[in-house]
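Engineer: Below you will find the structure I want to go over with you.
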Amino acid sequence: MPPRSLDNAPTGPPEAEAPYRFVSRDVGETQAWLIALLRRDLLLEPLPTEPFEAKLTGHALARAHLVHASYPGGMRLKRGDAHDNLTLRIVASGGSFYSVGRETLAAVPGRGLILNTALAEGGEYAEGSIHSTFTVHAEEVARTLQDAFERPVTAQLGLATTFEVGSGTGAALSGIMAAMAACLGGEGAISEAPHAARMLRDSLIMLILERFPHRYSAWFERSAAAPAPWQIRRAIAFIDAHDSGPLTVQDVADAVGIGLRSLQEGFRRHRQISPHDYIKQVRLGRVRAELSDPQSTRRIEEIARHWGFVNRGHFAVDYRQAFGEQPSETRRRR
């Protein structure tokens, strides 16, 4: 029996963020639809005692997919080629069971599943299975990690675990998935805001990576006390843009939205300098540039005050330590 659409929605796999609804009693057509959607080789088989039926609704979200599926008669699933997706599954009824090595991971009502699909040899959906699945290709996950930590991701995550849906993390994952579903429907859907869609997708990816063990978990542990490199770049940009007038390290931390100790640790780790010394370094550089400018007519004291140095004695010491000469010597040589 050929697939039929619901509500006149398209029956093919989604290329955009519009919802795609698919209903079929043909296992081959369902298999082809899922392969095209997920970019992963799958082999589907009906359970021997039940007729096959699939009811699927899919959304695309920034190169990820959110699929709501119902298999009234259940289904067996075998892996073809080992294309790797990161999959998050939350089950409303029935259950999903995956073989990972010698272990069987079960997603059932109240217990969700997170899995690198390349690790699974096969699975089974029980009769009456209804579930929601977020899936994103491992390449996109690696790109998200690389952007956050500015380090290459070269190996598989190795994620294969279950979680309590009612736990704090489980509730957060469920909430983000529900927000995705709500944002993908109706007029003015998030498909019209691709940057927001990517941020929503990445928030779910990063929550998974922060809360569950995987090959790169140590990156998150090491960064717990310090901000990521992009936050330090934001702090540097703020300092460079506020290089005259009063400016404290606390002002910088508040502008970036992190704690004072985290900012200090981040500068030490990523710039090998304290934020206080970086502010001083930037401002001394501005002073030296003006002292070296033949067009500058302001007195040295005025220049120092303009760039935030109010104590004349401290300024002279800091300047000599930075450049090996007095401010007056710099001015004479212009």
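The values are calculated or read from the model by the stated rules, or taken from the named source; none is laboratory data. The structure displayed is predicted, hence computed values, not measured ones. A quick note on method: Cβ atoms are made from the backbone with ideal geometry, for glycine too, and the neighbour counts reach across all protein chains shown. Please note that ligands, DNA and RNA were not included when accessible areas were found on the heavy atoms of the full protein model with its side chains. Shrake-Rupley method; radii C 1.70, N 1.55, O 1.52, S 1.80 Å.
Engineer: Given the criteria farther than 29 Å from Arg76 by Cα and either open to solvent by 60 Å² or more (accessible area, probe 1.4 Å) or modelled with pLDDT under 95 (or both), does Leu157 qualify?
Structural biologist: Criteria not met by Leu157.
Engineer: Moving on to the next point. Note down all Cβ pairs under 9 Å where the first residue falls in the range 148-177 and is farther than 21 Å from Thr117 by Cβ, the second is open to solvent by 40 Å² or more (accessible area, probe 1.4 Å) and in a strand (DSSP E or B), and they're at least six residues apart or on different chains.
Structural biologist: Glu164/Arg111
Engineer: Scan the range 165-172 and tell me whether some residue there is of a type in the set (A, V, I, L, M, F, W, C), open to solvent by less than 30 Å² (accessible area, probe 1.4 Å) and on the phi < 0 side of the Ramachandran plot.
Structural biologist: no
Engineer: Please identify the pairs in which a residue from the range 116-141 that is closer than 20 Å to Ala178 by Cα and outside any strand (DSSP E or B) has its Cβ atom under 8 Å from the Cβ atom of a residue that is open to solvent by 20 Å² or more (accessible area, probe 1.4 Å) and of a type in the set (Val, Ile, Thr), counting only partners at least 6 apart or on another chain.
Structural biologist: Sorted first by the residue in the range 116-141, then by its partner, the list stays empty.
Engineer: Take the residues in the range 96-121 that are touching a Lys or Arg at 6+ places or on another chain (Cβ under 9 Å) and among the small types (Gly, Ala, Ser), then tell me which one is farthest from Phe212 (Cα to Cα).
Structural biologist: So, considering only residues that are touching a Lys or Arg at 6+ places or on another chain (Cβ under 9 Å) and among the small types (Gly, Ala, Ser), the one farthest from Phe212 (Cα to Cα) is Ser96.
Engineer: What are the residues in the range 316-328 that are touching a Lys or Arg at 6+ places or on another chain (Cβ under 9 Å) and either part of a helix (DSSP H, G or I) or among the β-branched types (Val, Ile, Thr) (or both), if any?
Structural biologist: Asp318, Tyr319, Ala322, Phe323, Pro327
Engineer: I'd like to check which helices (runs of 4 or more DSSP H) are fully inside the range 202-275 and have at least 2 residues that are open to solvent by 30 Å² or more (accessible area, probe 1.4 Å) and aliphatic (A, V, I, L, M).
Structural biologist: The helices (runs of 4 or more DSSP H) meeting that bar are 229-241.
Engineer: Consider the range 281-314. How many of its residues are part of a helix (DSSP H, G or I), without any contact (Cβ under 8 Å) to a residue 40 or more places away in the chain and in contact with an Asp or Glu (Cβ under 6 Å, 6 or more places away or on another chain)?
Structural biologist: Adding up the residues that qualify gives 1.
Engineer: Within the range 175-201, track down each residue that is of a type in the set (Gly, Ala, Ser) and open to solvent by 30 Å² or more (accessible area, probe 1.4 Å).
Structural biologist: The answer is Gly175, Ala178, Ala179, Ala181, Ala182, Gly185, Gly186, Gly188, Ser191, Ala193, Ala196.
Engineer: In the set Arg268, Arg298, Arg261, Arg234, which member is basic (Lys, Arg) and closer than 24 Å to Arg331 by Cα?
Structural biologist: The unique qualifying residue is Arg298.
Engineer: What are the residues in the range 1-46 that are assigned to a loop (DSSP other than H, G, I, E, B), over 12 Å from Thr57 (Cα atoms) and at pLDDT 50 or above, if any?
Structural biologist: Arg25, Asp26, Arg39, Arg40, Asp41, Pro46
Engineer: Something else now. What pairs come out if I take residues in the range 83-108 that are more than 15 Å from Thr161 (Cβ to Cβ) and touching a residue at least 40 places away in the same chain (Cβ under 8 Å) and pair them with residues that are in a loop (DSSP other than H, G, I, E, B) and of a type in the set (S, T, N, Q) whose C-beta lies under 9 Å away, six or more apart or interchain?
Structural biologist: These pairs meet every condition: Asp84/Gln156.
Engineer: For the range 84-119, enumerate the residues that are surrounded by fewer than 21 Cβ atoms within 10 Å (Cβ to Cβ) and small (Gly, Ala, Ser).
Structural biologist: Ala92, Ser93, Gly94, Gly95, Ser99, Gly101, Ala106, Gly110, Ala118
Engineer: Moving on. Can you tell me which residues in the range 44-71 are touching a residue at least 24 places away in the same chain (Cβ under 8 Å), open to solvent by 50 Å² or more (accessible area, probe 1.4 Å) and over 27 Å from the mean Cα position of the chain (by Cα)?
Structural biologist: Across the range 44-71, the qualifying residues are Glu45, Pro46, Glu50, Pro51, Lys55.
Engineer: Let me ask something additional. Please go through the range 142-185 and give me each residue that is closer than 17 Å to Ala64 by Cβ and either assigned to a strand (DSSP E or B) or touching a strand residue (DSSP E or B) at 6+ places or on another chain (Cβ under 7 Å) (or both), ordered by number.
Structural biologist: Leu157, Leu159, Leu173, Ser174, Met177, Met180, Ala181, Leu184
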